[in-house]
C-alpha cells in the first residue's frame, strides 16, 4: 500500500506544495512545529534514509538547504532546523523548520489543529521567498 506521502505526491490527497522537481517535492506539514514547517520528500517511496542512493541523498539535502533559505527569508527565525526522524510515516522525509529554540523541534509541541488560512499564508510566503531567491522549482 502506498504511503500517505506517495498519495500526496500522486495528487490523491491535498497538500500545500512549495517545491516540485523530478526527484522530490516539498510541502507544508499538516502538524507544524512552527509556521513554515516544511517536509522535503523523495518521489520514490523509500522507508529509511540509510537506503537512499548517495545522489538522491545529496539532492534531498540540497533542496532542504534551498527550502531553509526560503524559510529564513520568509520567517526570519534565529536558525532553520533540519531533522530526519522517519518514525511517523514509512517514507523518507526531511523536516525543515524555522526555529528560535531547541524546543521548537519538540514533536510534543506540534500544532495538531492548525488553521487552514495560516497554512495557506505560510505556503505563499515560502513560495514568494523561493521565487525571490531565483529558484525555478517553486510549486504553483
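The numbers here are math on the coordinates, done by the rules we state, and not lab data. The structure displayed is predicted, hence computed values, not measured ones. Every residue, glycine among them, receives a Cβ derived from its backbone with ideal geometry; neighbour counts consider all protein chains shown.
Counting beta carbons within 10 Å around each of 9, 99 and listing the fewest first gives the order 99, 9. Between 108, 85, 129, the residue with the greatest mean-square fluctuation in the GNM of the chain (Cα pairs under 10 Å linked by springs) is 108. Rg and Dmax of the chain, both derived from C-alpha coordinates alone, stand at 13.8, 40 Å. Spread over its residues, the convex hull of the C-alpha atoms of the stretch 71-140 is 119 Å³ per residue.
Among 16, 10, sorting on how many other beta-carbon atoms sit within 10 Å of each Cβ, with the fewest leading, yields 10, 16. Between 96, 18, 80, the GNM of the chain built on Cα springs shorter than 10 angstrom shows 80 fluctuating the most.
Footprinting exposure proxy ranking of 59, 95, 37, 31, fewest other C-beta atoms within 10 angstrom first, gives 31, 59, 95, 37.
Projecting label points 7 angstrom from Cα along Cα→Cβ for residue 23 and residue 44 puts them 1.0 nm apart.
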